[in-house]
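Shown next, in structure tokens, is the structure this report addresses.
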Amino acid sequence: MTSGNFEKFEEKLEREKYIESIIREYYAKKNAEVEKSMKLEVSKWKNIEKKQKEINFKATGFRETNRERKEREEKKQKEINFKATGFRETNHESKEREATVRKNKLLKRSQHIDNALRKKEGVFCIFCKTRADKNGLCYC
């Protein structure tokens, strides 16, 4: 390797190191900004939680945030419903469960009625005097 090529190689390495240092500085600044904004955000939320706890203490007598109050009330509701019905669920969940049970019951009933009205394949219908097809349906 000649001295000219070696000098070019050294210059290239120095440029790469310089570029890397600029990139490191840039990301260090960005990380510092993000960290600062996160600290501000956390302190902001702590203040909000503190205010919520004071408001809820005046209203309910418990020092808790809205989320904690909701969780406590749901837990209490689940215990009450468990004693009454045997299902550990909130009122909203029990309404949804009962609605799906009702819907399934109606579907089964309609399927049972449809199956009762169908005729066996090849049987003559007394009304239209035609034979029933594979699905048990005739022309009437």
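Brief remarks on what is shown
- Hits in the range 88-123 (condition: assigned to a loop (DSSP other than H, G, I, E, B) and modelled with pLDDT of 85 or more): ARG88, GLU89, THR90
- Filter result for ARG69 (touching a helix residue (DSSP H, G or I) at 6+ places or on another chain (Cβ under 7 Å) and either in a helix (DSSP H, G or I) or not hydroxyl-bearing (Ser, Thr, Tyr) (or both)): yes
- Per-region count, the range 1-27, residues surrounded by 10 or more Cβ atoms within 10 Å (Cβ to Cβ) and small (Gly, Ala, Ser): 1
- Some residue of the range 108-117 being more than 30 Å from LYS134 (Cβ to Cβ) and over 21 Å from the mean Cα position of the chain (by Cα): no
- Residues of the range 44-99 satisfying the condition of being over 21 Å from the mean Cα position of the chain (by Cα) and of a type in the set (Val, Ile, Thr): ILE48, ILE55, THR60, THR65, ILE80, THR85
- Yes/no for PHE6 being more than 29 Å from the chain's Cα centre (by Cα) and either outside any helix (DSSP H, G or I) or at pLDDT below 85 (or both): yes
- The single condition among (1) over 29 Å from the mean Cα position of the chain (by Cα); (2) part of a helix (DSSP H, G or I); (3) not β-branched (Val, Ile, Thr) that CYS138 does not meet is (2).
The values are calculated or read from the model by the stated rules, or taken from the named source; none is laboratory data. The structure presented is a predicted model; accordingly, all values stated were derived computationally and were not measured. Note that we place each Cβ from the backbone using ideal geometry, even for glycine, and neighbour counts take in every protein chain shown.
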